[in-house]
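First the structure, in the form of structure tokens, and then the observations on it.
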Amino acid sequence: VYDEDGVVVRSWPRSHAKDGAVGYRLDWNGLSFVWTGDGRPDELSRKYGEGADVFVTEMSGQDIGQLMTYKYGIPQELFNYTIDTHHTSHYAVGKLFADARPRLGMVTHYTQDEDIDAEMLAGIRAHYDGLFQWGIDVAVVNVTKEAIWYRKAVIPGKSGTVPPFRELQAEVEAGRLELPEEITLPNPRLTRADQQDQKYRDMEIDPREYYPEDVFRAPNGEWPKDLTIKVSDVLGPRDK
């Protein structure tokens, strides 16, 4: 998309639920930077990420649906659907980095939380043994042909994310909020196939390449139709 004065920028389409997502690679002065943005793990990201000095991809698709159900009260079916249509799991991140072999692999657009960070890193390390860092806010990366430095600004300490169902539970117990016994989620008006060209899904990497055999889960790109959630499953029993 750009080639002027020794600066080359390449772009490619990514699979992210519907058409429009893209990734970028910047090459300049013998150095390279890859930014995939959001999307499913795909062959073109693996191709254009090859040998990059810094390869940044997203990892908002932590494939730990059951843990997220325990922590945030999100139904596992919805969490897995989001991963399988929009995002890159920690196993897939490791596979992309292992194949592309960047000098530094980084992830962004993920939930940084001490409760799940170790699980995320373990998934990446199932495939990738190279240099890795979290792409958190205020992270700074200095790159030369000889070395790479990663550092971050000093920021105030933080607590973990507060699960929204805890706040709802407090409102219910205080009598300020009344919830139904069940909630049926609306079905989408358009399917993924209605919004995204099949060729982009065809570029996705076969999940069997990055899932360890003992945790393999066949991706499901279909929204769970007429999904009904029992409020007590999210908030816990109402009677004390």
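Since every read-out is calculated from the coordinates, none of them should be taken as a lab result. This one's a predicted model, so the numbers in the text were calculated from it and none came from an experiment. Please note: Cβ atoms are built from the backbone with ideal geometry, for glycine as well, and neighbour counts cover all protein chains shown.
Can you tell me the length gained on complete extension of the stretch residue 213 to residue 194, counting 0.36 nm per residue apart and subtracting the Cα distance?
In short, 3.6 nm is gained.
If you average the C-alpha positions of segment 6-20 and of segment 133-154 separately, how far apart do those two centres end up, in angstrom? Result: 24 Å between the Cα centres. Neighbour counting of Cβ atoms within 10 Å sorts the residues 45, 32, fewest neighbours leading, into 32, 45.
How far, in nm, would the chain grow between residue 66 and residue 167 when pulled straight, counting 0.36 nm per residue and subtracting the alpha carbon separation?
Fully extending the segment from residue 66 to residue 167 adds 34.3 nm.
Within the listed set 169, 66, 112, the Gaussian network model of the chain (springs between alpha-carbon atoms below 10 Å) gives the highest mean-square fluctuation for 169. Only lysine pairs 8 or more places apart, or on different chains, with alpha-carbon atoms under 20 angstrom apart are counted in the chain, and they number 7.
Here r is the Cβ-Cβ distance between residue 185 and residue 220 and R0 is 25 Å; the resulting FRET efficiency, rounded to 0.05, is 0.95.
Across segment 103-151 the C-alpha pair distances fall into 10 Å bins from zero in the proportions 22, 51, 25, 2 percent. Nearest 10 degrees, 0 to 90: what angle lies between the long axis of helix 90-100 and the longest principal axis of the chain (Cα atoms)? On a 0 to 90 degree scale, this one is about 10.
For segment 25-75, the spread of Cα coordinates along the three principal axes comes to 48, 18, 14 Å, biggest extent given first. By its C-alpha gyration tensor, with a ≥ b ≥ c as the square roots of the eigenvalues, how is segment 52-199 shaped: rounded for a/c under 1.5, else prolate for a/b larger than b/c, else oblate? Taking the square roots of the gyration eigenvalues as a ≥ b ≥ c, segment 52-199 is oblate.
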